[in-house]
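Before I ask anything, here is the structure I am working with.
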Amino acid sequence: MADAGAPGLVPLDRLPGGERQLHLTGFMGSGKSTVARHLARALVWSFLDLDALVARHAGKPVARIFAEEGERAFRKAEAHALRQALRKPRAVVALGGGTLLSADNRRRCAGCAVVVWLDCSLEVVRERLGTVREERPLWRAGELEALLEARLPGYRSADHRVDADASPHEVARRVLQAVGVDG
Ligand code: S3P
């Protein structure tokens with residue numbers, strides 16, 4: 001896929017709809033963190049990665065939280081980190097792949113952010129995650145279809161869907177276009 005380069009700078013105080021944050025949702029390996037970084041640079045906003053915030057608060061990586069405390073504890077910590085992150089103006093937030101499973105999280109995001117779903121094929125996800133499975137406790141070869149199926153209702157609650165089987169720059173450009181910001 002041709003890559004026309006990074007989107008140009010478009011500093012803004014709010015998105016066209018008045019929102020102070022832009023959130024990216026999507027499956028593991030859909031490129032949320034990488035694309036969010038590009039978007040933050042383009043908008044001259046802060047970049048926040050929800051998994052990284054959870055790990056920082058817990059003092060250990062996400063995989064260890066799952067292993068030592070279980071998914072329930074991780075979800076609680078994730079919801080807490082989201083509430084903290086939502087306070088920050090002008091931020092692009094890479095949500096975790098399961099953040100929008102929670103109706104409460106969905107409501108909170110909808111209140112102050114435009115949420116964009118990076119819709120990526122499992123083929124591309126498998127290619128991207130082939131070497132970094134250890135960091136993702138829910139990544140299990142052969143179970144990805146069922147996991148994605150379970151997450152789709154959350155992803156479909158997003159305000160916009162963007163085809164994410166492309167380079168991060170291209171996906172970032174598509175996101176800006178979807179939210180009505182001309183790069
Ligand atoms: C999860 C996705 C991961 C991380 C955790 C759970 C999920 O985030 O939050 O391992 O439930 O899909 P990424 O999508 O950033 O890998």
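So which of 63, 79 ends up being more than 19 Å from residue 166 (Cβ to Cβ), at pLDDT 95 or above and part of a helix (DSSP H, G or I)?
Just one listed residue meets the conditions, 79.
Also, quick follow-up: Would you check if there is a residue in region 138-160 being at pLDDT 95 or above, among the small types (Gly, Ala, Ser), under 15 Å from residue 22 (Cβ atoms) and in contact with a helix residue (DSSP H, G or I) (Cβ under 8 Å, 6 or more places away or on another chain)?
yes
Something else: Kindly establish whether residue 5 is among the small types (Gly, Ala, Ser), within 13 Å of the chain's Cα centre (by Cα), modelled with pLDDT under 95 and farther than 20 Å from residue 109 by Cβ.
no
Let me ask something else. Please identify the pairs in which a residue from region 162-176 that is buried (at least 24 other Cβ atoms within 10 Å of the Cβ) has its Cβ atom under 7 Å from the Cβ atom of a residue that is among the basic types (Lys, Arg), counting only partners at least 6 apart or on another chain.
162/174
While we're on this one: For residues that are charged (D, E, K, R) and under 29 Å from residue 12 (Cβ atoms), scanning just region 73-101, find the one that is surrounded by the most Cβ atoms within 10 Å (Cβ to Cβ).
The qualifying residue surrounded by the most Cβ atoms within 10 Å (Cβ to Cβ) is 78.
If you don't mind, another one. Can you say whether residue 38 is free of Cβ contacts under 8 Å to residues at least 40 places away in the same chain and either among the acidic types (Asp, Glu) or more than 22 Å from residue 149 (Cβ to Cβ) (or both), as far as the supplied structure shows?
no
Could I ask something else about it? When region 26-41 is examined, which residues are found to be at pLDDT 95 or above and at negative phi?
Answer for region 26-41, where residues must be at pLDDT 95 or above and at negative phi: 27, 30, 32, 33, 34, 35, 36, 37, 38, 39, 40, 41.
Tell me the residue from 148, 122 that is within 16 Å of the ligand (Cβ to nearest atom), loosely packed, with under 15 Cβ neighbours inside 10 Å and touching a residue at least 24 places away in the same chain (Cβ under 8 Å), please.
Sole residue among the options that is within 16 Å of the ligand (Cβ to nearest atom), loosely packed, with under 15 Cβ neighbours inside 10 Å and touching a residue at least 24 places away in the same chain (Cβ under 8 Å): 122.
Scan region 47-65 for residues that are touching a residue at least 40 places away in the same chain (Cβ under 8 Å) and farther than 24 Å from residue 157 by Cβ and report the count.
Adding up the residues that qualify gives 2.
If you don't mind, another one. Just name the residue that is surrounded by the most Cβ atoms within 10 Å (Cβ to Cβ) out of those in region 19-60 that are more than 14 Å from the ligand (Cβ to nearest atom) and part of a loop (DSSP other than H, G, I, E, B).
It comes out as 45.
Could we say that residue 70 is within 25 Å of residue 129 (Cα to Cα), among the small types (Gly, Ala, Ser), within 14 Å of the ligand (Cβ to nearest atom) and surrounded by 19 or more Cβ atoms within 10 Å (Cβ to Cβ) here?
no
On to the next question. Checking residue 108 against (1) within 14 Å of the ligand (Cβ to nearest atom); (2) farther than 18 Å from residue 181 by Cβ, which test does it fail?
The number of the failed condition is (1).
For region 136-144, does any single residue satisfy the condition of being over 21 Å from residue 63 (Cβ atoms), among the acidic types (Asp, Glu) and more than 11 Å from the ligand (Cβ to nearest atom)?
So far as region 136-144 goes, no, none of its residues is over 21 Å from residue 63 (Cβ atoms), among the acidic types (Asp, Glu) and more than 11 Å from the ligand (Cβ to nearest atom).
The values are calculated or read from the model by the stated rules, or taken from the named source; none is laboratory data. Since the model is a prediction, treat every value here as computed from it, not as a measurement. All Cβ positions, even for glycine, are placed from backbone atoms using ideal geometry, and neighbour counts span all protein chains on display.
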